[in-house]
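Note sheet for the following structure.
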Amino acid sequence: MQDADNRLLIIDDDEMFCHVLSRAMGRRGYEVVVAHDAEQALSLARRHRPELATLDLKLEHSSGLKLLPELLEVVPNCRIVVLTGYSSIATAVEAIKLGAVNYLCKPADAEEILVALGREEGDPEAEVADNPPSINRIAWEHIQKVLQEHDGNISATARALGMHRRTLQRKLQKRPVRR
């Protein structure tokens, strides 16, 4: 068996992404196990005791934010990077508060993920955007913040935003607006 710091748990419901990332990390010497849902992730974490993990924010039947503290309860020293194609300031802040060491937007390659897993401190040289976000991006961020405040409850979020539940569901199914 390899060193514990070479054990990586990939948690994502996108099987192709898992396959590609698993192969890339395996070539770099990591012992990789893959989970596609929360239950499988917790079972594998108990068995393999990984030191590193990637966690998709939006799993098919659950939220990566809900799974994050449960994973850290099972493997407290695990360094977890949250990956998402649906990034928002609200979810990034919550992921870090809940114990993630970093938060990356998809697509992220193996090297970016390894750098994120290994970072111990913040980067004061991080690039600051030249332009403010668009109105559509600000709306997306606000929806994500309110959704987070209501623990992912679509109906409660729709009421708080003053919109119909189905309208909110349609908005949430779309990719986030770029800056």
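The number of residues in segment 11-50 that are of a type in the set (D, E, K, R) and in contact with a Cys (Cβ under 6 Å, 6 or more places away or on another chain) comes to 1. As for segment 166-173, it holds no residue that is part of a loop (DSSP other than H, G, I, E, B), closer than 29 Å to Val20 by Cβ, modelled with pLDDT of 80 or more and open to solvent by 50 Å² or more (accessible area, probe 1.4 Å). Got a sec? Which of Ala24, Ala45 is among the small types (Gly, Ala, Ser) and either within 28 Å of Trp140 (Cβ to Cβ) or crowded, with 20+ Cβ neighbours inside 10 Å (or both)? After ruling out the rest, the residue left standing is Ala45. Of the set (1) free of Cβ contacts under 8 Å to residues at least 12 places away in the same chain; (2) over 13 Å from the mean Cα position of the chain (by Cα), all apply to Ala110 but (1).
Would you mind finding the one in Ala53, Ala35 that is in contact (Cβ under 8 Å) with a residue 12 or more places away in the chain, more than 21 Å from Val115 (Cβ to Cβ) and buried (at least 16 other Cβ atoms within 10 Å of the Cβ)?
Only one candidate qualifies: Ala35.
The number of residues in segment 109-133 being modelled with pLDDT under 75 and touching a strand residue (DSSP E or B) at 6+ places or on another chain (Cβ under 8 Å) comes to 0.
Residue count for segment 44-79 satisfying the condition of being at pLDDT below 95 and hydroxyl-bearing (Ser, Thr, Tyr): 2.
Go over the candidates Val74, Val115 one by one and state the one that is open to solvent by 30 Å² or more (accessible area, probe 1.4 Å) and of a type in the set (Val, Ile, Thr).
Val115
Give all pairs with beta carbons closer than 7 Å in which a residue from segment 82-102 that is at positive phi meets a residue that is in a strand (DSSP E or B); count only pairs at least 6 apart in sequence or on separate chains. Pairs that qualify, where the first residue is at positive phi and the partner is in a strand (DSSP E or B), are Gly99/Ile80. The condition (being farther than 18 Å from Ile96 by Cβ, open to solvent by 90 Å² or more (accessible area, probe 1.4 Å) and in a loop (DSSP other than H, G, I, E, B)) is satisfied by just one residue among Glu121, Glu127: Glu127.
Each residue in segment 134-162 was checked for being on the phi < 0 side of the Ramachandran plot, open to solvent by less than 50 Å² (accessible area, probe 1.4 Å) and part of a loop (DSSP other than H, G, I, E, B), and 1 of them qualify.
The values are calculated or read from the model by the stated rules, or taken from the named source; none is laboratory data. These numbers come from a predicted model, not from an experiment. We place every Cβ from the backbone using ideal geometry, glycine too, and count neighbours over all the protein chains shown. Just so you know, the surface numbers come from the protein's heavy atoms only, side chains and all, with ligands and any DNA or RNA stripped out. Shrake-Rupley method; radii C 1.70, N 1.55, O 1.52, S 1.80 Å.
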